[in-house]
Structures are given as C-alpha cells and as structure tokens.
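So the structure is just underneath, and the comments pick up after that.
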Amino acid sequence: MSDEQHQNLAIIGHVDHGKSTLVGRLLYETGSVPEHVIEQHKEEAEEKGKGGFEFAYVMDNLAEERERGVTIDIAHQEFSTDTYDFTIVDCPGHRDFVKNMITGASQADNAVLVVAADDGVQPQTQEHVFLARTLGIGELIVAVNKMDLVDYGESEYKQVVEEVKDLLNQVRFDTENAKFIPVSAFEGDNIASESEHTDWYDGEILIEALNELPAPEPPTDAPLRLPIQDVYTISGIGTVPVGRVETGILNTGDNVSFQPSDVGGEVKTVEMHHEEVPKAEPGDNVGFNVRGIGKDDIRRGDVCGPADDPPSVAETFQAQIVVMQHPSVITEGYTPVFHAHTAQVACTIESLDQKIDPASGEVAEENPDFIQNGDAAVVTVRPQKPLSIEPSGEIPELGSFAIRDMGQTIAAGKVLSVNER
Ligand code: GDP
C-alpha cells in the first residue's frame, strides 16, 4: 500500500453477476495478488474441475484464508490504482453483505454495481441500488459484466444500461453520478486495458473510472469509536478485543471505556497486521489489550471510546428509516432486530412520528398509523437491551443501522438524535 488517499469501495449487484470475479480481476490486474498465487489457484481450480474460474476461486480462497488465519487478522481486500488505495468493504457474496453495508462494518464511499449483460436488472440489483441511495453512496460505476456472453453486442449493452437508468431514476439516484462500462471480468475486457471487442464503446475503462471517483469526505474530527467485533484470549497477552477504528485515534496509554458494558482501563498494546503499533487510525483493523479487562467483561457490540468522552448508550433514539421489504405494514410496538455497527439488539418502534415524502424530504403526515414498503418515516425506537449508538449528524460512522426480521433486511435507517440512559 502506498500513501495515496484511501477509498472504501463496495462491490454490489445480484448474486452470480460476477462480483467476486471482478474483485479477483482487479486484485490481479493491479498486482495485488502475486502471479504465482493466481497460478496455484488456477491449478487447484482445474483439478477440482472448476477450470477457468480462477478469479472467483482466488476470492473464495482469500476469504477462507482470512477465516482460518490468525484471529486478529481481519483485514479486507486491498488494491491500489494511480489515484487511490482501495479497500473492498466486505467480501462480495457474503451472506450478510447487505446488512454489513448498512451497519458501518463496511461503510463505502463509492460503489461498483455489477450487472450481468445476459441477465439484466434482478431483485438484488434493485435492493443494493436502493441501499446505496439510502446510505448516501457518492458515485456508482455500473459495470455491465459478462459482455463475452452476449458477443460484446452494443444493443445488449444499451438495453441493460436503460434498465439500470430506469432503476436509478426510480430511487432518485442522480444518473449524472453514474458511469456505465461494458466489461468482462472473466476475460479482462475494459478493466485495466481497452477491449478489442467493444469498438463501439469509447468511454472510460474500469480502472480509469475508479481513478476518477471523487475523493471521500475528509474524516470527521469525532472522538474515538471502535466497535468490537470479537473478543479473544491470546496467550502471553491476555484479553484482546478486535475491531475496526471507525473514528478518532486509539493510542497506547489512552484511558478507554467500553459501552454499554460500562468497563474501562488503560490501553497497554495495540496490534495491527501482527505487529505492535503505537496508535491506530480510522479504517485500521486492530487487536488491542486493556489493563484489567477480562474476556467476560466486554463483548461483540460494545463500542470503545475515550473514558472522558464515552460512546453514547441509548434509552431511546429518534431515527429516519426507509422500509424496503416488509410483507405487511409496520405499526407502533413492532420489535425487530436492529443491526448497528457490530451490535444486534431487539428494539421496539415505540412511535411512528412522521411520514416523509422521499422525493422532497418534507413531512407528508404526522403520526401515521402505519408505514409500508417504500415509505420513509421518522420513528422513536427503544432498545430492549442497552445499545451504543450515535446521532449520524455527529458520528455518521456509528449512526446508521439495518432492521432485520424473518431473515431479511426490511428497513434501513439513520439516527437523528439519542436520548441517553
Ligand atoms: P458473484 O456471486 O456476483 O460474486 O459472482 P461470481 O464472481 O462468483 O461469478 C458467478 C459466475 O459467473 C462464475 O461462474 C464466474 O466464473 C462467472 N463470471 C463472472 N464474470 C464473468 C464474465 O465476465 N464472463 C463470463 N462468461 N462469466 C463470468
């Protein structure tokens, strides 16, 4: 990694449209996976009768290695272009991708939407675009993938572009902020070099479009917030919480507080990529050790912050939500599970305060009786167990959540204000 500016990039799109393959291709073309590793995976893939799937296979293997690997190595996939150091937020194809996309585990600055040329817009294409819009993803690069399967036909490409534009218009995503590129992740067309098969296309190739993404918003000067992903016991060190620094700086010697567990102490050591470091910054995945904290004192879902400016714990909070897919209607008293950063807590929607017109952002109705798919609303929420969460206006990284029920994401939202315990 260089000292270039950093970008968190989400790769979104319907299952099997080629997200993993595209990431494998990007890692490969930018020299982020050594050639011999690709070769090795290729051979393995061929042996297992998966010949030709080497890029997807590389991705699978990287994910597996990560799970197998040393516990505190939770780094995401990374690659660099001329302009940016990219981190692919979350592993494409990951079951909880949508949820993670919302809950900050993978806050993306910009996104690549993969749509297979032979399949067009599908349910997850819609869902991901909707979320990208709700969560304020800046720009979208639309990779119309698998062009090889439609003989690099311009009309097939244009058809998909029209479908995607319709979708973007539906969710009021400014199509000015979207670029469309015909690619084949599998064959490498228009990714790092211009394709010989798309003479009719004279726009940017993918790497160029990535280079031209707008720079991410400068990091906020918010205090330290580090949601805990896991807590390990490591011999010779002791209790090691791990997680990603979302905001602020974690220094050795700092006095920190974990909320809502409400314990604290002095940071003894901070480790990143298996090495001890004096401090960690936003985006860093770290393991650290705090004097006097035992394994049972803290848990996944706690947030670590400065002892003198500890993470907020909500008695109730007011939030703006958008309902994506609920089989019926949402009324007061509904208690689904909220996923915020690394926490999962059942929360009651105590009151439906206002229905919002999604187009204008203005109040459409005070105290509606119910809300349903496509509605945006301001609601008051009461966590059934202590939950650390922040107003998104103050600490956006800790201010959004997904609402899950019946195995799916039914709504997404942002915290407007927190009424602390
Ligand atoms: P994901 O579920 O979106 O991550 O999709 P994968 O990357 O796993 O790809 C799904 C299938 O499509 C795999 O069999 C890939 O080899 C194949 N695939 C991906 N990209 C392309 C492409 O550009 N052309 C062709 N022909 N197949 C592709």
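The values are calculated or read from the model by the stated rules, or taken from the named source; none is laboratory data. Quick caveat, the model's predicted, so the values are computed rather than measured. Heads up, the Cβs are rebuilt from the backbone with ideal geometry, glycines too, and the neighbour counts pull from every protein chain shown.
Select the strands (runs of 3 or more DSSP E) contained entirely in the range 163-265, then report the ones holding at least 1 residues which are within 21 Å of the chain's Cα centre (by Cα).
178-182, 226-234, 238-244
Under 29 Å from GLU217 (Cα atoms) and buried (at least 18 other Cβ atoms within 10 Å of the Cβ): does that describe ILE389?
Spelling it out, ILE389 is indeed under 29 Å from GLU217 (Cα atoms) and buried (at least 18 other Cβ atoms within 10 Å of the Cβ).
Here are the criteria: (1) within 20 Å of LEU206 (Cα to Cα); (2) modelled with pLDDT of 55 or more; (3) out of contact with any His (no Cβ under 9 Å at 6 or more places or on another chain). Tell me which single one VAL114 does not satisfy.
Only one criterion in (1) within 20 Å of LEU206 (Cα to Cα); (2) modelled with pLDDT of 55 or more; (3) out of contact with any His (no Cβ under 9 Å at 6 or more places or on another chain) is unmet by VAL114, namely (3).
List every residue pair whose Cβ atoms sit under 7 Å apart, with the two residues 6 or more apart in sequence or on different chains, where the first one lies in the range 221-236 and is under 24 Å from SER392 (Cα atoms) and the second, anywhere, is part of a loop (DSSP other than H, G, I, E, B) and small (Gly, Ala, Ser).
These pairs meet every condition: ALA222/GLY248; PRO223/GLY248; LEU224/GLY248; ARG225/GLY248; ILE228/GLY301.
Find the residue count for the range 198-243, including only residues that are small (Gly, Ala, Ser) and closer than 29 Å to HIS339 by Cα.
So the count comes out to 4.
Do we have any residue at all in the range 156-167 that's at pLDDT 95 or above and either on the phi > 0 side of the Ramachandran plot or in contact with a His (Cβ under 7 Å, 6 or more places away or on another chain) (or both)?
Checking the range 156-167: not a single residue is at pLDDT 95 or above and either on the phi > 0 side of the Ramachandran plot or in contact with a His (Cβ under 7 Å, 6 or more places away or on another chain) (or both).
Could you please let me know if SER392 is at pLDDT below 90 and over 20 Å from VAL129 (Cα atoms)?
Working: at pLDDT below 90: yes; over 20 Å from VAL129 (Cα atoms): yes.
Judged against the criteria, SER392 is a match.
Which one of these does HIS326 not meet: (1) surrounded by 17 or more Cβ atoms within 10 Å (Cβ to Cβ); (2) closer than 21 Å to PRO391 by Cβ?
(2)
Filtering the range 198-234 down to residues that are within 16 Å of the ligand (Cβ to nearest atom) and in contact with a strand residue (DSSP E or B) (Cβ under 6 Å, 6 or more places away or on another chain), which residue is nearest to ALA108 (Cα to Cα)?
LEU206
Here's the yes/no breakdown for (1) among the small types (Gly, Ala, Ser); (2) not in a loop (DSSP other than H, G, I, E, B):
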residue: ALA346; (1), (2): yes, yes
residue: GLY393; (1), (2): yes, no
residue: GLU397; (1), (2): no, yes
residue: ALA412; (1), (2): yes, yes
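So GLY203 ticks every box in (1) within 16 Å of TYR157 (Cα to Cα); (2) buried (at least 16 other Cβ atoms within 10 Å of the Cβ) but one. Which box is left unticked?
Every listed condition holds for GLY203 apart from (2).
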